[in-house]
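Note sheet for the following structure.
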Amino acid sequence: MAARIENLRPCRRQNTVSGCLPESKRLESCPHSNQKKKVLCMPRLPQEIVFNILLCLPADILYNVMRYVCQEWYNVIRDPVFANAHVLKSDRGSLIWTGPNRLGVPYVELMKPRDLIEMTRVRFPDFGGMLVSSCNGLVCYTTVKRSYYHYIANPVTKEIVRIPTASEVPWISCLGYTSSSKEYKLVEFHGGHERLDCGILTLGVDKEWRFLDATNQTLKIKRFLIEVLVGSQVATDDGFVHLPYYSFNLTLDLESETFFLCSVPNCSNTEREDRKYFGTGRSLCFMDRKGKFSWELWLLKNVPTGDWTKLATIDLGSQEQWLRQSLCPQGFRLGPIGWLKDGEIAIFHVNYDPSFGNLTLFHDAEAQPLRNCIAYNVKTGAMNSYKLDEDDNFYSGGSYVPHVKSLVSLEFATN
């Protein structure tokens with residue numbers, strides 16, 4: 001199927017900043033004479049120093065303010081080398097997907113220097129479907145209007161492209177990146193009973209979808225197929241796309257475009273609800289519940305070999321009394337839902353305790369425990385809490401999508 005990529009919002013980049021900085025701004029008139037004087041400029045710094053200073057600033061400040069300062073800074077900020085370096089240096093937050101919302105998608109991040117939690121809203125054009133993934137600041141979401149379309153957008157630069165889906169009804173999609181080839185690939189899974197088809201589109205290269213048959217390489221997962229694709233959260237890291245299930249992990253190697261089954265950590269817990277997988281933005285994390293307020297955390301360190309390493313053990317048992325009184329009353333329990341800062345801050349959400357039966361607190365407008373969240377630093381043990389907005393109750397169908405604000409351009413996608 002041909003994939004006509006549409007650039008819905010062309011990037012209005014300029015080769016110079018003369019149109020951004022009018023002469024009146026660069027030359028000021030003396031109020032008491034007809035003479036003009038030049039505005040004082042900073043001493044010229046070596047480009048390497050300028051590069052490193054600008055790396056420390058947030059992407060939205062760089063794009064909306066700093067690139068207009070002078071021609072030199074403009075050239076640095078629009079350079080793809082700088083954009084890639086900025087992604088690697090920036091801390092990831094998370095987009096909170098709770099369903100279509102006219103106000104936008106909530107975005108949670110930690111603000112330096114005190115790591116205070118800040119929530120903002122991110123709006124996307126034609127957003128009425130499902131937020132599926134984020135890769136290096138490029139957000140992938142799917143919307144249906146008469147037919148399905150994939151959208152890839154950068155919320156900072158306001159660039160967006162629309163791509164027809166590979167099938168009439170896609171099951172799940174994601175955007176991945178391979179640093180070895182420096183390519184972005186859009187992946188779509190679809191199929192039928194005991195069949196898994198995968199469409200791949202390399203942005204800026206492919207003019208139409210290419211199809212892989214995943215079923216022949218993964219016969220072991222046939223009976224779990226639909227449950228995996230509907231119930232799991234897709235995670236990506238450099239060069240790989242993961243579809244984790246509680247007892248195995250189906251992995252797509254984006255470089256070779258082949259599937260394989262990746263091993264999962266050995267643990268005694270066999271309950272599916274107590275075994276969770278989440279992407280940190282750089283790796284796949286496995287979280288195994290050990291008690292009401294305790295978990296073991298594992299990181300997938302080597303994808304081809306399936307080597308996992310234990311990241312930390314979280315035990316909030318000593319805080320149970322405070323949690324019960326302030327955030328997590330009887331009838332509810334904490335559940336892991338995502339990460340901030342590339343696997344440093346674990347996010348937990350207050351949800352129903354299935355062993356407690358029917359609950360009446362859900363209708364208590366003052367309590368509303370389903371809006372409560374906890375951010376736990378696995379390195380320092382510091383813990384903060386925050387509350388979602390009234391329209392953002394995080395039900396079981398929601399997800400935290402790791403996201404970083406970036407300057408990565410979509411110009412390459414329409415080549």
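The values are calculated or read from the model by the stated rules, or taken from the named source; none is laboratory data. The structure displayed is predicted, hence computed values, not measured ones. A quick note on method: Cβ atoms are made from the backbone with ideal geometry, for glycine too, and the neighbour counts reach across all protein chains shown. All accessible areas refer to the heavy atoms of the entire protein, side chains included, with ligands and DNA or RNA removed. Shrake-Rupley method; radii C 1.70, N 1.55, O 1.52, S 1.80 Å.
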How much accessible area does Lys89 have with a 1.4 Å probe, in Å² rounded to the nearest 10?
110
Sketch the reach of a paramagnetic label on Lys207 as a point 7 Å from Cα along Cα-to-Cβ, and name the residues of region 140-170 whose backbone nitrogen lies under 15 Å away.
none
Would you mind computing, in nm to one decimal, how far apart the modelled labels at Ala85 and Val169 are, each placed 7 Å from Cα along Cα→Cβ?
4.9
Can you order the peptides 184-190, 254-260 by their average number of other Cβ atoms within 10 Å per residue, highest first?
184-190, 254-260
Per residue accessible area in Å² of region 49-101, where ligands, DNA and RNA are left out and the probe is 1.4 Å:
44
Taking a probe of 1.4 angstrom, what is the accessible area of Lys207 in Å², to the nearest 10?
140
Where Lys341, Lys387 fall by accessible area, highest first, once all protein chains stay in place (1.4 Å)
Lys387, Lys341
Take Lys310 and Lys379, extend 7 Å from each Cα along the Cα→Cβ direction, and tell me the distance between the two endpoints in nm.
2.1
Show me the ranking of peptides 166-177, 149-160, 316-327 by mean Cβ neighbours inside 10 Å, starting with the highest.
149-160, 166-177, 316-327
Determine the gain in length on full extension of the stretch Arg121-Leu103; use 0.36 nm per residue of separation and subtract their C-alpha separation, reporting nm with one decimal.
5.8 nm
A 28 angstrom limit on the alpha carbon distance is what I want to check against. Which of Lys112/Lys290; Lys145/Lys276; Lys182/Lys301; Lys276/Lys301; Lys301/Lys387 exceed it?
Lys112/Lys290; Lys145/Lys276; Lys301/Lys387
Could you pull out every residue, at least 5 positions away or on a different chain, whose amide H is within less than 5 Å of the one on Ala312? Hs are placed 1.01 Å off N in the peptide plane, and Pro or chain starts have none.
Leu297
